[in-house]
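Student: Here it is: the structure, laid out below.
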Protein chains: 2
Amino acid sequence: MRLVIARCSVDYVGRLTAHLPLATRLVLVKADGSVSVHADDRAYKPLNWMSPPCSLAEGTDEAGAILWTVTNKAGERLLISIAEVLHDSSHELGVDPGLVKDGVEAHLQELLAEQPHVLGDDGWRLVRREYATAIGPVDLLCRDSAGAAVAVEIKRRGEIDGVEQLTRYLELLNRDPLLAPVTGVFAAQEIKPQARVLAEDRGIRCVVVDYDALRGVDDAEARLF
Amino acid sequence: MRLVIARCSVDYVGRLTAHLPLATRLVLVKADGSVSVHADDRAYKPLNWMSPPCSLAEGTDEAGAILWTVTNKAGERLLISIAEVLHDSSHELGVDPGLVKDGVEAHLQELLAEQPHVLGDDGWRLVRREYATAIGPVDLLCRDSAGAAVAVEIKRRGEIDGVEQLTRYLELLNRDPLLAPVTGVFAAQEIKPQARVLAEDRGIRCVVVDYDALRGVDDAEARLF
DNA sequence: TTGTTGATTTCGGCA
DNA sequence: TGCCGAAGTCAACAA
């Protein structure tokens, strides 16, 4: 990653045409070849940029000033005319490790594992998270107040595939005499109408969970310790 | 603007929960108080960020390591745990004079308004841009060589909604005895196959316009004066 | 590869 | 101030 602070003017010709008058800005050249131009405001959006794949050529214009030309395959061009370089440094960062975001789904699972009563009543108990089956792990396996087994599939957005997935788990789990009869709960922040119809048609109960409320309860409990 | 290259791990708790394992990254602190964390790829979007208004506190965690805590009014928190600082520099940038940009759709409309023959033949005349109807303005209303009214919908990318929109306008315009019969032209830099099929099925003619060529003609004409 | 959809969307216009 | 729609949307995922 190369960081350049420079007085520069910038022109972009591509999907639109844009011009930045001469001013001091940060020019960020990343290892993937992308270039972005930042002002000292707007947290996240560059004033101008070129997404990879693209190539950067350093040269001079007719007047002898430094001119960076960034082009991509589509013929879009970002021209950075540099009047004065105030800082220029390069840094080896390496590849950023794997997954960036802890998705909501994992966190939802965690929260529901701590508060299974949200799925039924205060008598509900968690048996296991990621309960293993031959066709993959069930998100949660619980016991309801009556002691009956319940398989829970958790999604951020509940769509038809999630119902299908839970259906397959239920079919398998119900072959186990120690568990059967196993009922199903389909829990999501949002459940699509088609998914709900399919689920209910198969006797699977749908629960729309309130992520913020779950987290709130979680935080409140955490504060007790 | 402060540029810090550091080995760090990052946690964000706010609208969602996210975690970035220890790695070398760029931490960008802007004059508006915003903080963003960049990896060595993706021109546009940081891995994590906090938009202004927010406040940055530098401290140490229990283990004595450097811990930056960025918070905003909504209670969202960005925690940056710094294991090693590889670079740290600050720069005065001043206020950016701002971006001058030409939107494509508006510009396309302007160019086609100047060159309606592109949509038909040299006999075409523009009646009005943004021709008002009860359900919104039609981009262009023209008269063809035979004097018949033509409603023109302009998009950068022609998709189905654009065809639906034009269809609604045509239905309305055709109720006006001073205009009827009104035909339709769907003009875009790029027209999706599904949109084309729908349009042609409804008797709407599709015109793919060459933005650069239009602009070229425009520039050439401008040069005459 | 193409299309669809969500996003810590951001950003602007307009009522 | 809030809704609605576009964005050089970007980016992830499904078909």
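Student: Share of Cα-Cα pairs in region A:104-223 beyond 16 Å, in percent?
Tutor: 57
Student: Moving on. Using a label point 7 angstrom from Cα along Cα-to-C-beta, what distances in nm, from shortest up, separate A:Thr69 from the other copies?
Tutor: 5.2
Student: What accessible area per residue, rounded to a whole number of Å², is obtained for region A:121-225 using a probe radius of 1.4 Å?
Tutor: 56
Student: How far apart are the A:Val13 label points across copies, placing each 7 Å from Cα toward Cβ, in nm, shortest first?
Tutor: Values, ascending and in nm: 5.2.
Student: Sticking with this one: Over the Cα atoms of region A:1-137, what radius of gyration and what Dmax do you get, in Å?
Tutor: For region A:1-137, the Cα-based Rg and Dmax read 24.2, 80 Å.
Student: In angstroms, what radius of gyration and Dmax does the protein assembly as shown have, counting Cα atoms only?
Tutor: In order Rg, Dmax, the Cα atoms of the protein assembly as shown give 29.2, 89 Å.
Student: Which residue, B:Ala18, B:Ala187, B:Ala132, tops the fluctuation ranking in a GNM of chain B built on C-alpha contacts under 10 Å?
Tutor: B:Ala18
Student: For B:Leu20, A:Leu178, B:Leu86, give me the order by solvent-accessible area with a 1.4 Å probe, most accessible first, ignoring ligands, DNA and RNA.
Tutor: A:Leu178, B:Leu86, B:Leu20
Student: Can you sort A:His19, A:His38 by 1.4 Å-probe accessible area, starting with the largest?
Tutor: In descending accessible area the options line up as A:His19, A:His38.
Student: Distances from B:Pro137 to the same residue in each other copy, label points 7 Å out along Cα→Cβ, in nm, shortest first?
Tutor: Here B:Pro137 shows inter-copy label distances of 5.7 nm.
Student: Would you mind calculating the relative contact order of region A:2-90 from Cα pairs under 8 angstrom and at least 6 residues apart, reporting the percent as a whole number?
Tutor: Dividing the mean separation by the residue count of region A:2-90 yields 34 percent.
Student: Once the Cα atoms of helix A:160-173 and of chain A are each reduced to a long axis, what angle between those two axes, in degrees from 0 to 90 to the nearest 10, is obtained?
Tutor: 40
Student: Right, here's the next one. Take the solvent-accessible surface of the protein heavy atoms, probe 1.4 Å, and return the percent of it on chain A that carbon and sulfur atoms account for.
Tutor: Carbon-and-sulfur percentage of accessible area, whole number: 52.
Student: Using just the helices of chain B, give the 222 nm mean residue ellipticity in deg cm²/dmol: DSSP H runs with n ≥ 4 each add -39,500 (n - 2.57), and the total is spread over all residues, rounded to 500.
Tutor: -6500 deg cm²/dmol
Student: While we're looking at this one, here's another question. Note the angle between two axes, namely the Cα long axis of helix A:211-223 and the longest principal axis of the Cα atoms of chain A, as a number of degrees from 0 to 90, rounded to the nearest 10.
Tutor: Computed tilt is about 80 degrees.
Student: Moving on to the next point. Using a 1.4 Å probe on protein heavy atoms only, how many Å² of accessible area do B and A hide from each other, summed over both chains and rounded to 100?
Tutor: Chains B and A together bury approximately 4500 Å².
The values are calculated or read from the model by the stated rules, or taken from the named source; none is laboratory data. Everything quoted here is computed from the prediction, not taken from an experiment. So basically every Cβ, Gly included, is an ideal-geometry build from the backbone, and we count neighbours across all protein chains shown. To get the accessible areas, we keep the full protein, side chains included, count just its heavy atoms, and leave off ligands, DNA and RNA. Shrake-Rupley method; radii C 1.70, N 1.55, O 1.52, S 1.80 Å.
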